[in-house]
Amino acid sequence: MSTAPPASAAAADAAAPQAPSNPLLGFSGTELLAAYQRRDFDDMSRRFLAVLNHLKDVTYEHLDPATAQALNSFTKHFLYFMTQEDFEPSDADLAAFIARNAVIANLAAISEFGTTDPFVRILLGQSRNFTKLLALYSPRNRIHIDPRVIFNTNPTLATKWYFSCLENYRSDCADKGTLEKLRQHIRYEDDRMVGELGATHHTYFGATYIDHEHDYLVKQRINRLFQMTPLCNRTVVNRPKPRRIAIVTSMWWPQQSVYRSQQPFIKALARDHELVLVHLGKDRGDLDTAGFAEVRRYDASANTGDLSAVDPNDFAMAYFPDIGMSIESVILANMRIAPIQVSNYGHPVSTFGAKIDYWIGGRETEAADRAREHYSERLVLIPGCGQAPVPITHKPSYPSLPASPVVIDCSWAGQKINDDHLQRLAEIVRRARTPVRFKFFPGGSILENRLIPLRKSIAEVLGAERVQVFGAINYSTYMTQLEAAHFALDAHPFGGYNTAVDLLTMRKPVVTLEGNRFYNRSTGYLLRRVGLEELIADTPEQYIDLGVRMIDDVAFRDRMIRRLKTADLETTVLSLEHVPSFVRAIDHLLEHHAELSQQPGREPLFIE
């Protein structure tokens with residue numbers, strides 16, 4: 001009996017577009033060797049880059065036997081040929097390999113090789129090894145190369161490497177050895193950094209998660225790099241129109257964390273001001289453009305020099321809610337596009353030297369006496385925490401939970417998971433009498449195959465049997481999983497405002513370790529609002545004690561839950577009472593900037 005399809009079906013199959021092949025599963029070592037024997041290095045690079053680009057775009061949550069075998073085969077061939085002295089890719093391909101430094105580090109980490117250390121050692125003994133070293137050497141390596149030697153050789157390529165290999169800050173802070181290498185890396189300063197600005201925003205954004213006490217050094221360095229470019233020295237034509245304000249953001253869509261903590265502010269501002277949304281990055285179909293008189297776009301990936309979105313303009317003020325979360329935001333923050341430039345807690349860290357005049361913060365989440373230390377901008381303090389929450393849409397179902405193990409939510413973005421804090425969780429495990437299970441939600445930080453290395457790092461500290469690290473999950477699944485826990489632990493030193501709003505709305509108590517900056521004080525602010533001051537720790541030891549008590553003392557935990565269930569969230573966690581103060585702050589700056597700019601000091605301004 002014939003199994004051939006009918007002619008019409010065969011024709012339809014032929015006409016249908018073919019699904020793109022998987023370059024990893026389709027990788028052929030035999031074909032690669034043939035290209036090597038022909039000395040067709042362009043073909044070899046094309047094959048390598050096809051797989052590396054695939055691993056950049058497709059994240060594997062688990063490796064089935066066929067994928068694991070293909071991954072190990074590719075890694076073996078790639079690292080072998082990268083250490084062959086007569087394999088000489090073109091300059092363009094070598095630059096592409098350096099740009100994929102973080103992907104290569106992840107490739108090694110999810111393979112049986114673990115790191116590229118043996119191959120870096122081989123390259124160190126070779127001539128003509130420089131660019132290949134820059135592709136393979138990252139903070140994941142335990143071997144150390146003095147960065148001064150790298151910059152002595154070629155400052156332009158060294159700069160490209162310096163920023164490219166920091167892109168894994170989103171997952172690598174969880175590993176003790178790698179975290180220390182990352183900290184050494186960002187503390188390194190070299191006046192010869194030149195030329196490469198494309199990946200700098202990852203470092204600009206990520207430095208705080210690596211080392212929140214020294215991030216200002218990195219940001220100052222990057223600001224100087226941008227301010228030396230012709231692009232940022234361009235004189236923008238500005239004819240300010242009163243009360244016309246540009247909202248300059250790459251994050252303006254529902255469920256995005258910046259939007260969720262800023263939208264009520266912008267909505268209120270739109271009532272009496274003319275707002276222009278300057279969307280940064282690639283176009284999106286889900287932007288919230290309500291309340292904006294106009295929408296403009298600046299996409300540096302399409303054309304860095306096309307500043308038509310801001311030049312010329314008639315903005316009286318430019319408001320930046322998320323500087324550092326896109327390359328465009330760093331570019332524009334280092335330019336003068338409006339006479340008054342303001343930022344806020346969309347990403348709650350000072351620019352430390354960009355051309356931003358004011359930072360609007362919360363009176364109850366800032367250490368006002370440390371304003372000059374924590375901000376290069378002049379701090380403008382409004383009542384509350386300087387944020388305005390958008391309520392979640394998920395309705396709590398209050399699921400029944402078993403008495404053991406005690407399930408603990410760690411709703412921390414991947415970059416917030418660091419070894420220092422994991423060690424505190426490990427101490428909680430050692431001291432608690434009741435079995436526990438931690439649920440981690442690293443979110444988008446696991447892309448580009450960071451998930452499996454992150455899981456390994458967490459499991460090494462806490463034990464694989466005690467942890468569940470989620471990959472890509474949708475909003476509904478995320479909220480359902482958050483509910484299926486007894487309580488939550490806050491990240492440190494970089495906590496979470498939006499995640500605390502989510503958890504408290506779901507009536508999940510949160511234990512937090514309070515510091516002296518907004519990003520480790522906002523959860524404490526919310527806990528005080530709902531009467532759960534007992535869950536705020538001032539020291540790591542208190543944090544551990546509270547974690548253990550929430551696990552073992554069922555009566556205490558139940559009391560915290562009952563208190564939270566009876567709290568009026570509308571007047572506490574979800575309150576918008578301080579939104580008018582934000583608008584007053586904007587109006588005060590619009591009216592008084594000329595005189596404020598002449599004042600010699602940067603003492604905080606208080607808005608009632």
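The values are calculated or read from the model by the stated rules, or taken from the named source; none is laboratory data. Note that this is a predicted model, so its numbers are computed, not measured. As a convention, Cβ positions derive from the backbone with ideal geometry for all residues, glycine included, and neighbour counts pool all protein chains shown.
For this structure, a couple of remarks:
- Among the residues here, Glu534 does not qualify as over 28 Å from Phe205 (Cβ atoms) and in contact (Cβ under 8 Å) with a residue 60 or more places away in the chain.
So that you can scan it fast, the table gives a plain yes or no per residue for (1) touching a residue at least 40 places away in the same chain (Cβ under 8 Å); (2) assigned to a strand (DSSP E or B); (3) surrounded by fewer than 20 Cβ atoms within 10 Å (Cβ to Cβ):
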| residue | (1), (2), (3) |
| --- | --- |
| Met251 | yes, no, no |
| Pro254 | yes, no, yes |
| Pro264 | yes, no, yes |
| Val276 | no, yes, no |
| Leu287 | no, no, yes |
| Gly305 | yes, no, yes |
| Val342 | yes, yes, no |
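- Hey, Arg336 modelled with pLDDT under 95, of a type in the set (D, E, K, R) and out of contact with any Phe, Trp or Tyr (no Cβ under 8 Å at 6 or more places or on another chain) or not: no
Listed here are the residues, each with its yes/no results for (1) in contact with a strand residue (DSSP E or B) (Cβ under 8 Å, 6 or more places away or on another chain); (2) without any contact (Cβ under 8 Å) to a residue 12 or more places away in the chain; (3) more than 24 Å from Ile122 (Cβ to Cβ); (4) of a type outside the set (Ser, Thr, Tyr).
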site	(1), (2), (3), (4)
His54	no, no, yes, yes
Glu61	no, no, yes, yes
Ser73	no, no, no, no
Leu79	no, no, no, yes
Phe97	no, no, no, yes
Asn106	no, no, no, yes
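Residues are listed down the side, and each one gets a yes or a no for (1) over 20 Å from Ile327 (Cα atoms); (2) of a type in the set (A, V, I, L, M); (3) more than 22 Å from the chain's Cα centre (by Cα):
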| site | (1), (2), (3) |
| --- | --- |
| Asn106 | yes, no, no |
| Phe113 | yes, no, yes |
| Phe119 | yes, no, yes |
| Thr131 | yes, no, yes |
| Ile150 | yes, yes, yes |
| Cys173 | yes, no, no |
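- Here Val573 passes the criteria (1) under 25 Å from the mean Cα position of the chain (by Cα); (2) part of a helix (DSSP H, G or I); (3) not hydroxyl-bearing (Ser, Thr, Tyr) except the one numbered (2).
- Helices (runs of 4 or more DSSP H) contained entirely in segment 1-88, each with at least 1 residues that are at pLDDT below 95: 7-15
- Any helices (runs of 4 or more DSSP H) falling wholly within segment 102-179 and containing at least 1 residues that are surrounded by fewer than 20 Cβ atoms within 10 Å (Cβ to Cβ): 117-124, 130-136, 147-153, 155-164
- For segment 426-442, a residue qualifies if it is of a type in the set (Val, Ile, Thr) and in a helix (DSSP H, G or I), and the qualifying residues are Ile428, Val429.
- Scanning segment 490-513 for residues that are out of contact with any helix residue (DSSP H, G or I) (no Cβ under 6 Å at 6 or more places or on another chain), under 24 Å from Gln423 (Cβ atoms) and modelled with pLDDT of 95 or more turns up Thr499, Leu503, Lys508.
- Qualifying residue in segment 527-546 (condition: small (Gly, Ala, Ser), exposed (fewer than 14 other Cβ atoms within 10 Å of the Cβ) and out of contact with any strand residue (DSSP E or B) (no Cβ under 7 Å at 6 or more places or on another chain)): yes
- The set of residues from segment 446-486 being surrounded by fewer than 21 Cβ atoms within 10 Å (Cβ to Cβ) and of a type in the set (Gly, Ala, Ser) comprises Ala459, Gly463, Ala464, Gly471, Ala472, Ser476, Ala484.
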